[in-house]
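Below you'll find the structure, written out as structure tokens, and then a few comments.
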Amino acid sequence: MRIKKVLVTFLLLCIFLQVKATGLSSDIIFLDGEEWFLMAKPINMDSVLYSRMMNFLPQNHCVTTANWEGYTAYWEVREGCLYLQHLEICVYDQQKKEELTLTYTPKQLKNLFSPYYKRGRIRAHWFNGELRAGKGNLLRYVHSGFKRNMETEQVMTLRQGKIQSVQKFHNSKCSGINLLQSQDEITKRFPWCRFPEYKGQRLIFNIGKFQCTADGKLLDFDVHSVFARSKQENIKESNHLLVEAFKETLKSIYPWEVLLINGKLMVEPQNCVLVIEEK
């Protein structure tokens with residue numbers, strides 16, 4: 001019975017982790033009067049404050065995979081510091097069978113943020129680190145947390161809620177062949193004639209760390225492993241002939257889809273598995 005309970009707990013944990021691995025809804029931040037999406041939840045980054053917030057939330061607060069807590073915090077930068085402007089909490093009205101939004105001003109949140117409330121304002125004095133704000137079209141999206149990027153972004157470094165530096169970026173995408181949609185082209189170009197021993201084999205390449213030029217030319221990448229399914233052969237040598245042929249094949253394709261994200265060139269996804277098989 002004990003083993004069964006442990007197994008059930010483990011399965012539930014796995015399901016929970018899978019559900020949590022989703023895109024999260026942003027907070028909102030006002031920078032120079034403009035509204036930006038804040039790719040972070042500053043309140044959740046302090047364990048004590050997060051616990052107090054969970055106790056503060058109404059029992060009927062809305063829960064979604066994108067927003068487990070059911071709240072959205074609105075922030076502003078004033079006098080070089082990050083302040084909480086107000087809080088919106090989604091609740092579900094059982095009688096009306098509809099969702100409602102409750103708004104809380106800093107004065108109403110005075111007790112919750114008592115260590116940080118002063119003269120009618122709440123300064124994010126607890127926060128140290130980077131915050132990223134974005135606006136415009138979505139250029140990159142990974143179905144996990146805040147792993148997405150927008151056309152225009154600002155990366156702010158804060159210490160005790162005070163902004164130390166700000167970097168502004170204009171992100172872009174160079175059109176080309178998407179890595180995850182390249183399987184047929186790679187299969188067609190791969191020099192199967194040089195590898196008769198792998199005829200009819202399904203080859204699984206685990207790859208990542210792509211280096212490319214701005215116009216989509218692939219310079220290099222890592223092949224972590226190659227798995228020949230039928231032969232149950234796992235290859236990890238970086239100088240193996242299969243690895244070298246695979247690299248030659250990908251480098252022969254042009255142009256690849258390339259993103260310029262916060263000053264860095266990247267191919268998306270950054271790590272992936274590609275499967276090819278001679279037909």
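Just a few scattered comments:
- Number of the condition not met by His170 [criteria: (1) within 20 Å of Ile29 (Cα to Cα); (2) over 25 Å from the mean Cα position of the chain (by Cα)]: (2)
- All conditions in (1) touching a residue at least 40 places away in the same chain (Cβ under 8 Å); (2) part of a strand (DSSP E or B); (3) among the β-branched types (Val, Ile, Thr) hold for Thr187, with the sole exception of (2).
Quick grid of which residues meet (1) in a strand (DSSP E or B); (2) closer than 30 Å to Glu268 by Cβ:
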{"site": "Ile89", "(1), (2)": "yes, no"}
{"site": "Lys110", "(1), (2)": "no, no"}
{"site": "Pro115", "(1), (2)": "no, no"}
{"site": "Ile122", "(1), (2)": "yes, no"}
{"site": "His125", "(1), (2)": "no, no"}
{"site": "Gly136", "(1), (2)": "yes, yes"}
{"site": "Arg140", "(1), (2)": "yes, yes"}
{"site": "His143", "(1), (2)": "no, yes"}
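- Qualifying residue in the range 251-260 (condition: over 30 Å from Met150 (Cβ atoms), of a type outside the set (Phe, Trp, Tyr) and either in the same structural domain as Asn149 (by TED's automatic domain parsing) or surrounded by fewer than 18 Cβ atoms within 10 Å (Cβ to Cβ) (or both)): yes
- Thr213 meets the conditions (1) polar (S, T, N, Q); (2) surrounded by fewer than 14 Cβ atoms within 10 Å (Cβ to Cβ); (3) out of contact with any Asp or Glu (no Cβ under 8 Å at 6 or more places or on another chain) in every case but one. The failed one is (2).
- The set of residues from the range 79-100 being more than 17 Å from Asp46 (Cα to Cα) and surrounded by 12 or more Cβ atoms within 10 Å (Cβ to Cβ) comprises Cys81, Gln85, His86, Glu88, Ile89, Cys90, Val91, Tyr92, Glu99, Leu100.
The values are calculated or read from the model by the stated rules, or taken from the named source; none is laboratory data. Keep in mind that what you see is a predicted model, and the values were worked out from it rather than measured. Backbone-built Cβ (ideal geometry, glycine too); neighbour counts: all protein chains shown.
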